[in-house]
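Engineer: Provided herewith is a single structure, encoded as structure tokens, for subsequent inquiry.
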Amino acid sequence: MAQASQTAVRLADHVDRLGLEHPPIDLATVDYSVRRPDELNRRYGHVLDYMARVELEVDRNVLELTTLLPDPPEIDRRFYAEVWQPQETRHGLILDELQVRLGRPPAAADLTSIGLKLKILGALSHLPAFQDVCRMLYYLTGMSTERSAVVAYNLLHDGVAELGEDAIAQTVVAPIRRQEPGHYAFYQLSARGLWSELGGWQRWMVRRMRSISFGPVGANDAQQKADFGEMLASLGIDAEAEQFAAQISRVERELLWAHRHGMRFPPYVVKAFREAVELAQHRRAA
């Protein structure tokens with residue numbers, strides 16, 4: 001109980017600080033000046049499109065969360081409704097505006113559909129013990145998503161800067177990447193706190209459901225998985241699936257699989273990334 005109380009205090013302080021120190025990016029601070037639009041589009045247009053779509057789809061993600069977690073802790077609701085959603089939506093608007101200015105079509109974001117499997121989980125989540133399983137899956141997904149975003153935005157920033165597109169690097173990518181680590185920290189602290197409270201059957205269920213449900217962020221079908229693989233290629237990490245998997249799943253490996261000594265990363269993570277890279281390669285070859 002003492003540990004749970006301490007975690008709750010830390011989470012509340014963290015969410016308060018995120019809201020105060022990292023408000024949604026002011027659109028008036030964004031400079032869309034581009035020196036070589038054709039080159040920026042060729043190198044990173046696909047990356048911008050993928051990231052814009054994922055960021056804009058947080059509106060649907062919130063609908064999914066209200067389905068999956070019918071009675072969440074108040075701190076969770078505060079985080080995703082008052083901090084995460086406003087920040088991420090603004091990221092998506094900025095990235096989408098940039099790609100439109102490069103001559104690309106707007107991101108095709110899905111803002112409404114909720115899958116049948118999620119609805120079934122939501123129905124089961126009215127049982128408090130099962131809702132804790134779903135909460136743990138939410139935190140794990142959040143950790144891998146935000147850690148992936150941190151890695152991707154760092155690489156995008158460096159690549160755009162190397163092209164000499166200073167305005168985009170400094171006023172678009174840099175402000176966005178500054179906000180992602182705070183989201184990751186929320187999920188990590190939440191996951192560590194909840195995992196210590198779960199019973200044996202709940203931990204088994206989390207491991208099982210995570211193993212069969214993991215997927216790259218924003219990749220819900222074969223087409224989007226190939227798009228994710230293309231993004232990895234554009235960022236130069238398509239040949240480093242194992243290293244990428246290790247970076248984004250370190251805490252997940254530690255919590256869920258500590259009993260398996262020597263595991264560098266959960267096998268389902270690297271399997272999903274390799275599948276995305278292969279789909280992208282097959283699509284290019286076709």
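A short reminder: the numbers here are calculations on the coordinates, not readings from a lab. All values derive from a computational prediction rather than experimental measurement. Glycine gets a Cβ as well: all are built from the backbone with ideal geometry, and neighbour counts include every protein chain shown.
Engineer: Yes or no: the stretch 190-209 includes at least one residue that is among the polar types (S, T, N, Q) and either surrounded by 16 or more Cβ atoms within 10 Å (Cβ to Cβ) or closer than 14 Å to Ala280 by Cα (or both).
Structural biologist: Yes; the residues of the stretch 190-209 include at least one that is among the polar types (S, T, N, Q) and either surrounded by 16 or more Cβ atoms within 10 Å (Cβ to Cβ) or closer than 14 Å to Ala280 by Cα (or both).
Engineer: Return yes when Gly159 is surrounded by 19 or more Cβ atoms within 10 Å (Cβ to Cβ) and in contact (Cβ under 8 Å) with a residue 24 or more places away in the chain and no when it is not.
Structural biologist: In short, yes.
Engineer: Whether any residue in the stretch 80-97 is surrounded by fewer than 22 Cβ atoms within 10 Å (Cβ to Cβ), farther than 15 Å from Gln179 by Cα, of a type in the set (D, E, K, R) and over 16 Å from the mean Cα position of the chain (by Cα) is what I want to check.
Structural biologist: Scanning the stretch 80-97, I find at least one residue that is surrounded by fewer than 22 Cβ atoms within 10 Å (Cβ to Cβ), farther than 15 Å from Gln179 by Cα, of a type in the set (D, E, K, R) and over 16 Å from the mean Cα position of the chain (by Cα), so the answer is yes.
Engineer: Turning to a different aspect of this structure: Can you report the number of residues in the stretch 1-32 which are hydroxyl-bearing (Ser, Thr, Tyr) and either under 21 Å from the mean Cα position of the chain (by Cα) or farther than 30 Å from Leu95 by Cβ (or both)?
Structural biologist: So the count comes out to 2.
Engineer: Then there's this: Would you confirm whether any residue within the stretch 148-155 is more than 21 Å from Ala81 (Cα to Cα), of a type in the set (Val, Ile, Thr), buried (at least 21 other Cβ atoms within 10 Å of the Cβ) and in contact (Cβ under 8 Å) with a residue 24 or more places away in the chain?
Structural biologist: So far as the stretch 148-155 goes, no, none of its residues is more than 21 Å from Ala81 (Cα to Cα), of a type in the set (Val, Ile, Thr), buried (at least 21 other Cβ atoms within 10 Å of the Cβ) and in contact (Cβ under 8 Å) with a residue 24 or more places away in the chain.
Engineer: If a residue has to be without any contact (Cβ under 8 Å) to a residue 60 or more places away in the chain and either farther than 14 Å from Pro216 by Cβ or not in a loop (DSSP other than H, G, I, E, B) (or both) to count, how many in the stretch 230-249 make the cut?
Structural biologist: 9
Engineer: Looking only at the stretch 275-286, decide whether some residue is over 19 Å from the mean Cα position of the chain (by Cα), closer than 13 Å to Lys225 by Cα, crowded, with 16+ Cβ neighbours inside 10 Å and touching a residue at least 40 places away in the same chain (Cβ under 8 Å).
Structural biologist: Within the stretch 275-286 (the criterion being over 19 Å from the mean Cα position of the chain (by Cα), closer than 13 Å to Lys225 by Cα, crowded, with 16+ Cβ neighbours inside 10 Å and touching a residue at least 40 places away in the same chain (Cβ under 8 Å)), the answer is yes, since at least one residue qualifies.
Engineer: Further question: Considering only the stretch 5-48, how many residues are in a helix (DSSP H, G or I), among the polar types (S, T, N, Q) and farther than 17 Å from Arg77 by Cβ?
Structural biologist: Going through the stretch 5-48 one residue at a time, the tally reaches 4.
Engineer: Give Arg77, Arg10, Arg36, Arg101 a once-over and let me know the one that is without any contact (Cβ under 8 Å) to a residue 60 or more places away in the chain, surrounded by fewer than 17 Cβ atoms within 10 Å (Cβ to Cβ) and not hydroxyl-bearing (Ser, Thr, Tyr).
Structural biologist: Only one candidate qualifies: Arg77.
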